[in-house]
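Below: the structure, in structure tokens.
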Amino acid sequence: MAFLVRCPNCGDRGVYEFRFGGEVVRRPSTSEAAPVWMKYFYARRNAAGNQREWWYHSLGCRRWLLAERDTTTNEILSTGWPGEVQA
Amino acid sequence: MMVFRKNRMWGKHPLRDAYDVVIVGAGVHGLSTAYYLGQMGISNVAVLDKGYLGGGASARSTAIIRSNYLTAEAIPFFRESHKLYQGLASELSFNLLFDEMGRLDIGHSESSVYWLRLRAEFNQLLGVDSRIIGPAEIKKLAPQIDLREGKTLPIMAALYHPPAGVVRHDAVVWGLARGADRAGVEIHPFTEVTGITRRNGRVTGVETPAGRVSAGMVVSATAGWTSTVTAMAGLDVPIVTFPLQACVTEPVKPFVHITISSADLHVYVYQTDRGELVIGGPVDPYSTYSQRSTLDMLQELAASTLELLPALRDIKIMRQWAGLCDMTPDYAPIMGQVDGLDGFILNCGWGTWGFKAAPASGRTTAELIATGRTPDLIRPFALSRFDDNALVNERAAAIAAAIH
Ligand SMILES: Cc1cc2nc3c(=O)[nH]c(=O)nc-3n(C[C@H](O)[C@H](O)[C@H](O)COP(=O)(O)OP(=O)(O)OC[C@H]3O[C@@H](n4cnc5c(N)ncnc54)[C@H](O)[C@@H]3O)c2cc1C
Ligand SMILES: [Zn+2]
């Protein structure tokens, strides 16, 4: 089964048109202490199941999008633009 | 007359409700830890795996053994593991089919050659047999390599590491399991860990569908599944799970007798005793827990292999597969006691390079359990390095080296 990502602009495209940007991680505020920032840099949930993540349509419209994917099957459950869907 | 094997390699046991040590994961790292615990006289131990023995990355590994790493932390560790592998077959009294065929890391650009040179210098300083050679010597070692000039990626030099080789991955799994079993360790395949119980900052055991098992210590050796296990203990770790794919061709007559790796081409290849060429490459460009192989990667592997060995242009691929790899930000493993959760020990972060590390990781993890002291060899690889921002920079080596 092909692994397709639905770009909100370009439609369903093969995953090789995209660059994977990793799971969505909340950036701490600048007033947070170093240990909080270390967690932000390195620690990941790396969920086996639904994951919110970033993708960049590098061989298409060259925009960053947000997706929800089941990481056990690579099924993309939903996609949207940052700001329009919840990160 | 048919002859059947009378003795099983390891016994079956009912799962008890308490052990001194529970090891989660029966790949090479979990089994090696169990084996060395047994050798140290600690045998009230259970190894639990949700699947069959070695069914994770260990069964899917291309099983290259080498010690030509980059950093002052990693080289001594992998050198020790390499040494243990050299004696492991006789120690286990089990043929691991270790073929010390040697290894070439090819440099196709000034910048790759710079990193290869740096590795050679560090290797020599730390007692690892590795040196830079030019095209003439490459030609002698692997006459089939395409050394013609004027290619986009010409072959400029190589890092030659004579003691590198390949072992039979299944044999390592079986040999360690048998050795652990003989020392009294219990091995429980098809027993999934579904929870980790804790009290007052200590682990107290694990939960399984067959019931709760209490344990003085719990070791997670679950590679690509590590994050799912640490999550049971309330912990997010610096690991992302990426699949690594490999494939093998139909068998042909002896053709190359050395492992060849090219970071610029993202490919490595060697020929097995059966004549098949084993080909591997980089991890897939996205994280996933799916172990499906893809046509995209097969095309990449094939194209890159032909750049190095054009004589293979008509050869057929027989099989292709994927395994899960627990990638860390610095391409170095995570070993040792987890701060703030007594009795919880990690043996993970093995990424695409962990097969060769199993003897040393198992022995040092067993030593930590037996003595309560972290052996110096693994001190730099503690999980806490990510809180202290004290990473081990094997990632730099990865830029110029395929990382298997
Ligand atoms: C294609 C490929 C090629 C490779 N080539 C090389 C190479 O040439 N050289 C090299 O050094 N390394 C190589 N590697 C990497 C190496 O194979 C791995 O780092 C190593 O096998 C990891 O061993 P492990 O014991 O840590 O994990 P695994 O072998 O993955 O074992 C982990 C086990 O944990 C079990 N598990 C997971 N979750 C649970 C749970 N909740 N309860 C119970 N059990 C659980 C799994 O079933 C699995 O059996 C390669 C990997 C791949 C995929
Ligand atoms: Zn697009």
Antiparallel bridges, percent of DSSP beta bridges restricted to chain B (to nearest 5): 70
For chain A, what relative contact order do you get, as a whole percent, if you take Cα pairs closer than 8 Å and at least 6 residues apart? 29
Using only Cα atoms and rounding to the nearest 10 degrees, what angle (0 to 90) does helix B:110-125 make with the longest principal axis of chain B? 50
Report, as an integer, the average count of C-beta atoms from other chains found within 10 Å of each Cβ along B:286-295. 6
Ranked by accessible surface with a 1.4 Å probe, highest first, in what order do B:Arg292, B:Arg79 come? B:Arg292, B:Arg79
For the full complex of protein chains and a 1.4 angstrom probe, list A:Trp55, B:Trp115 by accessible area with the highest value first. B:Trp115, A:Trp55
Residues of the range A:43-59 losing 20 Å² or more of accessible surface, assembly versus chain alone, probe 1.4 Å, please list them. A:Ala43, A:Arg44, A:Arg45, A:Asn46, A:Ala48
Area hidden from solvent between B and A (accessible, protein heavy atoms only, 1.4 Å, total, Å²): 1900
Got a number for the accessible area of B:Met9? Probe 1.4 Å, square angstrom, nearest 10. 40
Restricting to the protein assembly as shown, what percent of DSSP beta bridges are antiparallel, rounded to 5? 75
Pairing rule first: another cysteine's C-beta must sit under 4.7 Å. Under that rule, which cysteines of chain A stay single? A:Cys61
Round to a whole angstrom and tell me the spacing of the C-alpha centers of the range B:255-328 and the range B:40-78. 21
Once ligands and nucleic acids are excluded and a 1.4 Å probe is used, how much of B:His169 is accessible, expressed in Å² to the nearest 10? 40
Using a 1.4 angstrom probe on heavy atoms only, work out the carbon and sulfur share of the accessible area of the range A:4-80 in %. 48
Using only Cα atoms and rounding to the nearest 10 degrees, what angle (0 to 90) does helix B:28-39 make with the longest principal axis of chain B? 50
With every protein chain in place, what's the accessible area of B:Phe122 (1.4 Å probe, Å², nearest 10)? 70
Using DSSP, restrict attention to beta bridges with both residues in chain A and report what percent are antiparallel, rounded to the nearest 5. 95
Quick check: the angle from helix B:295-308's long axis to the longest principal axis of chain B, C-alpha only, nearest 10 degrees? 50
Leaving out ligands and nucleic acids, note down the accessible area per residue over the protein assembly as shown with a 1.4 angstrom probe, in whole Å². 43
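The values are calculated or read from the model by the stated rules, or taken from the named source; none is laboratory data. Here the structure is a predicted model, which means the values were calculated and not measured. Here Cβ is always computed from backbone atoms with ideal geometry, including for glycine, and neighbour counts include all displayed protein chains. SASA here: full protein model, heavy atoms, side chains in, ligands and nucleic acids out. Shrake-Rupley method; radii C 1.70, N 1.55, O 1.52, S 1.80 Å.
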